[in-house]
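First comes the structure, then the notes that go with it.
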Amino acid sequence: MQRGWRVLVTGGAGFVGSHLCERLLADGCEVLCLDNLKTSGGENIDHLRSAPEFTFVRHDITQPVFVEGPLDCILHFASPASPRDYLRHPIHTLKVGGLGTYHALGLAKAKQATFLLASTSEVYGDPEVNPQPEHYWGHVNPVGPRSVYDEAKRYAEAITLAYHRAHGLRVRIARVFNTYGPRMRVDDGRVLPNFMSQALRGEPLTIYGTGLQTRSLCYVTDLVEGILRLARFGAPEPLIINLGNPDEVTVGALAREVLEVTGSSSGIVYRPLPEDDPRVRRPDIRRARRILGWTPAVPRREGLRSVVPYFRKALQEAECVRSRVEA
Ligand code: UDP
């Protein structure tokens, strides 16, 4: 990012948000990190709190927001993002995608700041084309359990474009595909934290459905690089870009890879497939390659190997907390 930029990151204490804050500080930006700490405890940013260019503001973006001074860019990442979290907080998820995005856009307009929306591959729903290019409109069930997230993000995209058309705001939309790395919550219910925790605890890995459904996993540092390239891209036109790793894998094969990188002898159990679980997911990243010169650098095996120590430590800490509570 440009040195000296003043950047607001909503959801800045979350998994991806905290990596963004860290990278922005390293790039010489001033960072305002805004978060309501609903799905994170704040520990993701503990190591940043003493940096003079870092400010944490505890605020729920579903409420109007005021910020003193100029802002060059808003990275709008606030939202529950794992299926377990958004099913647990369905109304809040809709509010943050709707009202939260509205408030963040209002702030961007007041400050004439570039606005980058963290959207999602979920806007494609259970896709009928694979891989998914940005011009695909998607196949979303508007009343299914996942709709609270999918439709909130589709609305967020619509209002983001409306602010561009009505007010000339400089906007970017990143459609973020499955991302993993350190600072994921071990209990967030997503496939990788589940498999890693189960493998490291010696419990069976839970495959939902047949395990033939696919996902494509992007390492978090690759995603952060793509987000920042998109945010600083100079053109005034809106840009909508898929960011993800196109290396597609079945959930069954991922389970085997996790067993391998953890050296675990856990078995596998099969559980029912959640409703509307997408059968395939793989980003078409030709646009990101062409416009941003971006391509993921971390192969999945390497990323999986490097994230094992994080999950091992996080599980030990969770275990310590549990035994202290029980004592
Ligand atoms: N999944 C699984 N076992 C788990 C958790 C998830 O088989 O313990 C499957 C889930 O049904 C989906 C895929 O893994 O097909 C990815 O799920 P995740 O919750 O990570 O996010 P999604 O990509 O569906 O948003």
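Structural remarks
- Within region 265-284, the residues that satisfy the criterion of being of a type in the set (K, R) and within 10 Å of the ligand (Cβ to nearest atom) are R271, R279, R281.
- Only one of the listed residues (F66, F54) is away from the ligand (no atom under 16 Å from the Cβ) and open to solvent by less than 20 Å² (accessible area, probe 1.4 Å). That residue is F54.
- Here I241 fulfils each of the conditions (1) exposed (fewer than 13 other Cβ atoms within 10 Å of the Cβ); (2) part of a strand (DSSP E or B) apart from (1).
- Boolean, A162 is more than 20 Å from the chain's Cα centre (by Cα), open to solvent by 40 Å² or more (accessible area, probe 1.4 Å) and free of Cβ contacts under 8 Å to residues at least 24 places away in the same chain: yes
- Against the test of being near the ligand (Cβ under 10 Å from one of its atoms) and not charged (D, E, K, R), the options L243, L254 yield a single qualifying residue, L254.
- When the residues of region 165-175 are filtered to those that are surrounded by 16 or more Cβ atoms within 10 Å (Cβ to Cβ) and more than 14 Å from the ligand (Cβ to nearest atom), the one that is farthest from A110 (Cα to Cα) is A174.
- For first residues located in region 305-325 and at negative phi, partners that are of a type in the set (D, E) and open to solvent by 70 Å² or more (accessible area, probe 1.4 Å) and lie 6+ apart or on another chain with Cβ distances below 9 Å form the pairs A318/D187.
- Test: T93 is among the polar types (S, T, N, Q) and either under 27 Å from N245 (Cβ atoms) or within 16 Å of the ligand (Cβ to nearest atom) (or both): yes
- Contact map, region 184-207: residues that are within 18 Å of V220 (Cα to Cα) paired with residues that are part of a helix (DSSP H, G or I) and among the acidic types (D, E), Cβ distance under 7 Å, separation 6+ or inter-chain. Pairs shown: D188/D85.
- Considering R312, R287, the condition of being open to solvent by 80 Å² or more (accessible area, probe 1.4 Å), at pLDDT 95 or above and either assigned to a helix (DSSP H, G or I) or among the charged types (D, E, K, R) (or both) is satisfied by R312 alone.
- For E248, the conditions (1) under 22 Å from N44 (Cβ atoms); (2) within 13 Å of the ligand (Cβ to nearest atom) all hold with the exception of (1).
- Selection from region 165-215 of residues that are polar (S, T, N, Q) and in a loop (DSSP other than H, G, I, E, B): N178, T210, Q213
- Entirely in region 50-131, the helices (runs of 4 or more DSSP H) that have 1 or more residues that are in contact with a His (Cβ under 7 Å, 6 or more places away or on another chain), at negative phi and in contact (Cβ under 8 Å) with a residue 24 or more places away in the chain: 101-111
- The one condition from (1) open to solvent by less than 60 Å² (accessible area, probe 1.4 Å); (2) under 21 Å from R154 (Cβ atoms) that D27 does not meet is (2).
- When residues in region 130-155 are screened for being open to solvent by 40 Å² or more (accessible area, probe 1.4 Å) and under 20 Å from R289 (Cα atoms), 3 of them pass.
- Filter pass, A162 being under 25 Å from H76 (Cβ atoms), of a type outside the set (S, T, Y), more than 9 Å from the ligand (Cβ to nearest atom) and in a strand (DSSP E or B): no
- So P83, is it surrounded by fewer than 24 Cβ atoms within 10 Å (Cβ to Cβ) and within 30 Å of E134 (Cβ to Cβ): yes
- Some residue of region 255-278 being touching a Cys at 6+ places or on another chain (Cβ under 7 Å) and part of a loop (DSSP other than H, G, I, E, B): no
- Among the residues of region 184-227, just one is more than 22 Å from the chain's Cα centre (by Cα), open to solvent by less than 10 Å² (accessible area, probe 1.4 Å) and more than 8 Å from the ligand (Cβ to nearest atom), namely A199.
The values are calculated or read from the model by the stated rules, or taken from the named source; none is laboratory data. The structure presented is a predicted model; accordingly, all values stated were derived computationally and were not measured. Positions of Cβ are backbone-derived with ideal geometry, glycine not excepted, and every protein chain shown enters the neighbour counts. Accessible surface areas use protein heavy atoms only, side chains included; no ligands, DNA or RNA. Shrake-Rupley method; radii C 1.70, N 1.55, O 1.52, S 1.80 Å.
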